[in-house]
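J.: Before we start, here is the structure in question, set down as structure tokens.
All of the numbers you see were taken from the coordinates with simple rules; none came from a lab. Since this is a predicted model, take the numbers as computed values, not measurements. Using ideal geometry, Cβ is built from the backbone for each residue, glycine included, and neighbour counts are taken over all protein chains shown.
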Amino acid sequence: MKKFKIEYKGWESIKEEFGLDCVYFNSLVYAEENTENPFPINLPYHIIEKQLVETIAEGAVILERLKKRISGWGPQESIYVKELEQCGIDMEMIFNKAVENNIDLNVEAIKWNKPGVSSSALNQIVDDLDDSLVDIKQSTNQYFLICERLEKVISNEILGLFPQLLNSSSDNILKFQHILVKHISGMGEELNDLLREC
């Protein structure tokens, strides 16, 4: 069995490119007999979060508190990761365990050592992708903006008309939030589609 060394490279959000705050954790992996040609292993946040819950006894409680405190439309993964790091959680250790439990490095080494796409063809793919990212980011940002504004206006109106909701149980407040999210997301999508036609 081959031995591998994982060089953790940290994490990054794709918010700048796509408008979505989704995080990927990055690394380079070196096979002992081929240290000149490392290959990348990148894992999405949800795999790291799952591993954190499995690895750290209080992981689920920490995440639950975090998500209750941080609100907003769309993913907030970079905020979660920063908060987890501030709590002293070793994200590199969690990442390494996630790789160990989810990735067969022998298979990845074989895959990355096969002759692949030429660099000029790869550059063309990246250029084409960059062109489409501008539209995706604009549409995503517009959708979240619509949803945030709708939520603010509707919440203020409903709570102004029915202030007893604020003094209600935490279960009822949670139900109110779920109703808002359920209906605002659909309305936001339809309005966003309409705006793209204008």
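J.: What translational D, rounded to a whole number of µm²/s, comes out for the chain from Stokes-Einstein when the hydrodynamic radius is the Kirkwood one over Cα pairs, at 20 °C and 1.002 mPa s? Please list the in-between numbers first.
T.: Values: Rh = 20.3 Å.
Approximately 106 µm²/s, per Stokes-Einstein.
J.: Continuing with this model, one more query. Once the piece of chain linking Ser155 and Arg69 is laid out straight, how much longer is it, given 0.36 nm per residue of separation minus the C-alpha distance between them?
T.: Stretched out fully, the Ser155 to Arg69 stretch lengthens by 29.2 nm.
J.: Multiply the residue separation of Leu191 and Asn141 by 0.36 nm, subtract the distance between their alpha-carbon atoms, and state the gained length in nm to one decimal. Mind dumping the intermediate values first?
T.: On the way: separation 50, 0.36 × 50 = 18.00 nm, distance 1.29 nm.
Full extension from Leu191 to Asn141 adds 16.7 nm.
J.: Mind checking the dipole of the chain: about its Cα centre, +1 per Lys or Arg Cβ, -1 per Asp or Glu Cβ, Debye to the nearest 20?
T.: Using Cβ point charges on Lys, Arg, Asp and Glu, the chain gives about 580 debye.
J.: Sorted by packing (mean other beta-carbon atoms within 10 Å per residue), highest first, where do 160-172, 38-50 land? Show your work: numbers first, answer last.
T.: Working: 160-172: 9.8, 38-50: 17.2.
Top to bottom by mean Cβ count within 10 Å: 38-50, 160-172.
J.: Now a separate question. May I ask which residue of Phe25, Gly10, Leu166 lies farthest towards the positive end of the charge dipole of the chain, with charges of +1 (Lys, Arg) and -1 (Asp, Glu) on Cβ and the Cα centre as origin?
T.: Highest projection toward the positive end goes to Leu166.
J.: Moving to a separate point now. What FRET efficiency would be calculated for the residue pair Glu33, Lys111, taking the C-beta separation as r and a Förster radius of 25 Å, to the nearest 0.05?
T.: 0.95
J.: At a Förster distance of 45 Å, what's the computed FRET efficiency of Lys5 paired with Phe162, Cβ-Cβ distance as r, to 0.05?
T.: Approximately 0.15, to the nearest 0.05.
J.: Still on this structure, I have one more. In nanometres, what is the gap between the two model label sites at Phe18 and Ser170, each 7 Å from Cα along Cα-to-Cβ?
T.: If labels sit at Phe18 and Ser170, their model points lie 3.3 nm apart.
J.: Which value, in nm² and rounded to one decimal, describes the direction-averaged projected area of the C-alpha convex hull of the stretch 33-121?
T.: In nm², the orientation-averaged hull projection of the stretch 33-121 is 8.5.
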